[in-house]
Each structure stands twice: as C-alpha cells, then as structure tokens.
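The values are calculated or read from the model by the stated rules, or taken from the named source; none is laboratory data. Computed from a prediction, not measured in an experiment: that's the story for all the values here. With ideal geometry, Cβ positions are generated from the backbone for all residues, glycine too; neighbour counts draw on all protein chains shown.
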Amino acid sequence: MLRVIKRALLFPVASLFSLEKVRTKELSRLWILLSIGTLILSGCFSIIIVLARTPVINEIIADPMFAKRGLVVHVDLALLIWIYAFLCGLFVLVRPAKGGNKLLPLGYALAVTGVAMLVSSIFFPSAEPVLSNYIPVLNHPMFIGGLIFFAAGVGCTLFNVRMFPSEKVFIHNENKLYPVSAIPGFRAAAILLLISFITFFSAWVVTPADHIPQTYYELTIWGGGHILQFVNVAAMLSVWIILLAKLLGRNPISYKWSAILFGILVIPVLAAPLLTIKGTSDILYRWGFTKYMQWGIFPIVTIFMGIVIVKLVKAKSRNELPKGLWKNPYFGGLVTSMMLTAIGFILGAMIRGSNTLVPAHYHAAVGGITVAFMAITYWLLEKNNIPLPDGRTKKLAAIQPIMFGLGQSVFVAGFGFAGAHGLARKSFGAEQQINSIEIFAGLGFMSIGGLLAVSGGILFLWIMVKAWLASRTSISKQNL
C-alpha cells in the first residue's frame with residue numbers, strides 16, 4: 001500500500017520532467033485512487049455527522065462547532081473531490097483526435113496538493129466553518145487555496161481537445177473502451193464545468209468583499225454551485241449508459257440521439273454567467289439559477305430513465321439480460337442510482353423553506369451519483385486487469401451497491417420526513433429542536449439508513465483493497 005501511495009505522489013512530478021508519452025491509463029488509475037481515498041475520509045467524517053444528529057447521543061455533543069467543522073470537510077470531500085476526481089479518471093480515457101495530454105500530469109499534481117491543503121486546514125483554530133450552499137468552506141486561506149488548487153488540477157485535466165468530437169465520430173468508432181453514446185456525456189460534463197468556473201469567477205468579481213463571511217460565500221458560490229449539479233448529472237448519465245451497455249452487451253442508444261440529449265442539457269446553461277451581470281444581490285441572480293435547477297435537469301434525466309427502463313424491459317422479454325440480475329453489481333448500481341435520483345426529485349419538489357428537506361434532497365442526488373460511480377468501479381477493475389477474487393468477495397460486490405443505495409434511501413427519507421415536520425437544517429448537537437415524535441422518528445430512520453449506507457461504503461472500500469491486494473499477490477507469484 002505504501003508503494004501505491006508513493007507512486008501516486010511521485011508519478012505526476014516524474015512525468016513533468018519526462019520525455020516519455022503520458023500514460024493516460026495510469027493517470028486514470030491514480031485519479032480513481034485519489035477519489036476513493038477521499039471517499040474514505042468523507043465516510044469517516046459522515047460518522048461524526050450521523051452521531052451528532054442521533055437522538056440521545058446528540059446531547060453529549062455540546063459543541064456544535066465540532067460537528068460543523070466535520071460537516072464542511074465531509075461535504076467537500078463527498079460532493080467535490082470524490083465526484084470530480086472520479087470524473088477525471090473517466091475522462092482521461094476518452095481518446096482525443098490528437099494531443100491533449102501535456103497538462104494531465106500537472107493537473108493531477110495540483111489536485112493532490114489541493115486536497116492536502118484542504119484537509120490540513122482543519123487543524124487551524126482560526127478556520128471558521130461557513131455552511132454555504134453547495135460548497136461549504138472553512139474561512140481560511142489554506143482551505144480556499146486548496147479548493148483553488150484542486151479546481152486548477154481538474155481544469156488541466158478536462159479542458160483540452162477531448163472536449164470536442166473528432167472526425168471519427170461520424171463512423172461511430174471514436175472510442176473502443178466506452179460505448180460511443182457515453183462520450184457526449186463526458187464532453188458535456190467538461191463544457192458545463194467550464195461554464196461553472198466562469199460563473200464562479202464572474203460572481204467573485206461582482207460580489208463586494210465587505211460582506212460577512214456567511215453572506216459573501218453564499219452569494220459567490222450560489223450560481224456556480226447550481227451549474228455544478230448539471231456537471232454531476234452529465235457524468236452520472238454517462239455512467240448509466242456504460243452500465244446499461246454492460247448489461248445489454250451493446251451500445252444502448254445512437255451517438256446522434258445521445259449528443260442531442262446532452263446538447264439540450266448544455267445549451268440553456270451557456271447563458272448562466274450572464275445572470276451575474278447585475279450583481280449577486282440582484283433578484284435576477286437568485287431567480288435565474290433557481291429556475292435552472294427547477295427546469296434544467298429533471299426533463300433530460302427523466303428521458304434517460306425512460307430509455308433505461310424500456311431497454312431493460314425489452315431485453316428481459318427477449319431473454320437477453322445476464323442471469324441473476326440482482327447478483328450483478330452493474331444492475332444493482334444502475335437501479336439504485338435511478339431510485340435515489342427519483343427520490344431526490346420528489347424531495348426537491350417538496351421543499352418549502354430552510355429545513356432538512358434541502359440536505360435530504362441533495363444527499364439523494366449525490367447518493368445516486370455515488371452508487372453509479374461505485375458500480376462502474378468494478379468495471380474499471382476489470383479493464384485494469386484487477387479482477388475480483390472468486391467466492392465471497394464477488395458475492396459481496398454483487399450486493400454492495402444495493403446495500404449502499406437502500407441505506408442512502410432510508411437516510412434521505414428519514415431526514416426529509418423530519419424536515420417536513422419542521423426540523424431546521426444546519427443545526428447539530430444541542431442546537432437541534434427535537435420537539436415532536438415525527439422529528440424523533442425521522443431522525444431515527446435517518447440514523448439507521450446512514451449507518452447502513454456507511455456500512456455499504458466501507459464494504460466497497462474493503463472490496464477495492466482486497467481486489468488490489470489479490471492482484472499484487474498474483475503478479476508476485478508470476479514473477480517467481
């Protein structure tokens with residue numbers, strides 16, 4: 001394990017001074033390793049959050065700042081680092097027309113540096129937690145610098161010629177690794193991320209610096225944070241296509257229709273930076289991005305859900321699906337991802353104020369992305385010649401996405417139920433007002449679901465480590 005960590009840290013530095021061709025497959029593995037590592041850290045901090053909201057135990061945690069600091073780190077690791085590091089790991093495997101690799105090692109080096117800065121900032125006593133929407137922050141130069149470094153690393157990885165189709169697209173032979181219909185989704189994610197960066201910068205320019213930290217970060221992050229949700233959705237839909245292709249044994253939809261659907265997702269968002277033109281305190285800014293969230297995502301996702309369901313039903317009727325579907329991690333990951341996404345839509349439609357329906361909604365949305373990424377990781381292991389060990393490990397891998405997905409579903413259902421009965425968001429420990437049986441019951445279910453989801457996450461990480469160790473042992477035996 002120490003050799004892997006050393007390789008992960010030294011590879012980008014060595015590549016910067018090497019004349020050899022950048023090995024995108026190795027970079028992909030390193031990005032995935034980074035994403036899984038941050039998921040481990042996020043899971044550790046999520047235990048703190050669950051305990052801080054659990055009835056009875058919450059009374060023991062008298063200092064709400066402790067949980068709030070843990071929340072900031074947990075959310076940024078789970079919503080930003082895990083998702084975008086994983087996206088980079090997938091994106092570098094998209095074959096460009098030519099070039100596009102020069103900045104990849106630098107991008108990874110910047111990202112690793114940024115994560116280290118972000119996590120280490122927890123140890124600065126003056127780092128004030130600011131629970132702003134989408135990207136909570138610690139108001140400290142080390143933390144903000146870490147976010148900027150990580151963003152720069154992701155930008156170096158995604159913003160290159162891979163964003164644009166090559167001439168080979170017209171013969172549908174652009175990429176042998178992914179089904180061709182997944183490629184427009186990855187490109188859409190890169191374009192949307194670029195738009196979000198422009199929106200963040202524009203909002204930063206027009207937002208007065210004399211606001212109190214809570215107001216300043218809320219205004220600066222609000223717009224770009226909305227666009228990040230479009231990035232997440234584009235990445236998730238691309239993974240859905242890959243998982244569906246694995247189940248069907250063929251490309252599920254045409255490149256043309258995939259490009260059209262992802263184009264519909266991207267085109268309205270091109271105008272997003274213009275919403276900052278009157279300042280971030282203007283009603284146009286808040287109204288415009290709220291409308292993006294209300295109407296910009298669910299229509300396209302619903303269409304893709306329909307496509308997946310129809311394709312699966314038809315394949316099932318023709319007996320074309322693999323046997324033992326519920327023992328297939330691709331199927332379990334795809335189904336639970338769609339289920340969590342649908343729950344997220346329902347909870348989002350129920351939001352009527354600042355209560356825990358809001359975090360329940362985005363935990364469902366992020367849970368849908370996370371379980372899809374977990375499922376495709378098993379496929380990435382195969383592509384990197386790291387097969388799952390036979391026997392119990394394969395059986396556990398089959399149920400792991402379902403275990404995580406069901407746990408996350410119970411978590412958000414309980415969290416949302418408590419919010420529907422008045423539980424305020426962003427309150428922890430003794431701050432919580434558990435003044436009704438409905439809130440108590442909702443938090444109880446939230447705790448049970450949260451622990452089940454964490455268990456599913458731990459199981460995922462255990463399977464990853466076991467598979468890697470088994471592959472190392474096999475290689476060592478072959479070299480004897």
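Residue-by-condition table, conditions (1) modelled with pLDDT of 90 or more; (2) touching a Lys or Arg at 6+ places or on another chain (Cβ under 7 Å); (3) not aromatic (Phe, Trp, Tyr):
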site: Ala62; (1), (2), (3): no, no, yes
site: Phe66; (1), (2), (3): no, no, no
site: Ile81; (1), (2), (3): yes, no, yes
site: Gly100; (1), (2), (3): no, yes, yes
site: Leu106; (1), (2), (3): yes, no, yes
site: Thr113; (1), (2), (3): yes, no, yes
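Taking the stretch 247-300 as the range and being closer than 30 Å to Lys323 by Cβ and surrounded by fewer than 14 Cβ atoms within 10 Å (Cβ to Cβ) as the test, the residues that pass are Gly249, Arg250, Ser254, Trp257.
Among the residues making up the stretch 135-146, those that are surrounded by 20 or more Cβ atoms within 10 Å (Cβ to Cβ) and farther than 19 Å from Leu33 by Cα are Ile135, Pro136, Val137, Leu138, Phe143.
Residue count for the stretch 42-60 satisfying the condition of being surrounded by fewer than 18 Cβ atoms within 10 Å (Cβ to Cβ) and either at pLDDT 80 or above or over 23 Å from Val371 (Cα atoms) (or both): 5. Against the list (1) more than 30 Å from Ala209 (Cα to Cα); (2) in the same structural domain as Lys246 (by the TED database), the condition Val308 fails is (2). Among the residues making up the stretch 340-373, those that are closer than 15 Å to Phe298 by Cβ and without any contact (Cβ under 8 Å) to a residue 12 or more places away in the chain are Ile346, Ala349, Ile351. Scanning the stretch 274-297 for residues that are in a loop (DSSP other than H, G, I, E, B) and farther than 28 Å from Tyr378 by Cα yields a total of 7. Residue count for the stretch 298-348 under the criterion of being in a helix (DSSP H, G or I) and either of a type in the set (S, T, N, Q) or farther than 17 Å from Gly405 by Cβ (or both): the result is 19.
Counting only residues that are surrounded by fewer than 21 Cβ atoms within 10 Å (Cβ to Cβ) and in contact with a Gly (Cβ under 9 Å, 6 or more places away or on another chain), the stretch 113-131 holds 6 of them.
Scanning the stretch 238-273 for residues that are more than 16 Å from Gly296 (Cα to Cα), part of a helix (DSSP H, G or I) and aliphatic (A, V, I, L, M) yields a total of 9.
Can you confirm whether Leu406 is within 24 Å of Ala85 (Cβ to Cβ), assigned by the TED database to the domain that holds Ser436, in contact (Cβ under 8 Å) with a residue 12 or more places away in the chain and surrounded by fewer than 24 Cβ atoms within 10 Å (Cβ to Cβ)? Answer is no for this residue.
Of everything in the stretch 206-219 that is free of Cβ contacts under 8 Å to residues at least 40 places away in the same chain and in a helix (DSSP H, G or I), the residue that is surrounded by the fewest Cβ atoms within 10 Å (Cβ to Cβ) is Thr215.
Looking at Val266, Val231, just one residue is in contact with a Ser or Thr (Cβ under 9 Å, 6 or more places away or on another chain) and β-branched (Val, Ile, Thr), and that residue is Val231.
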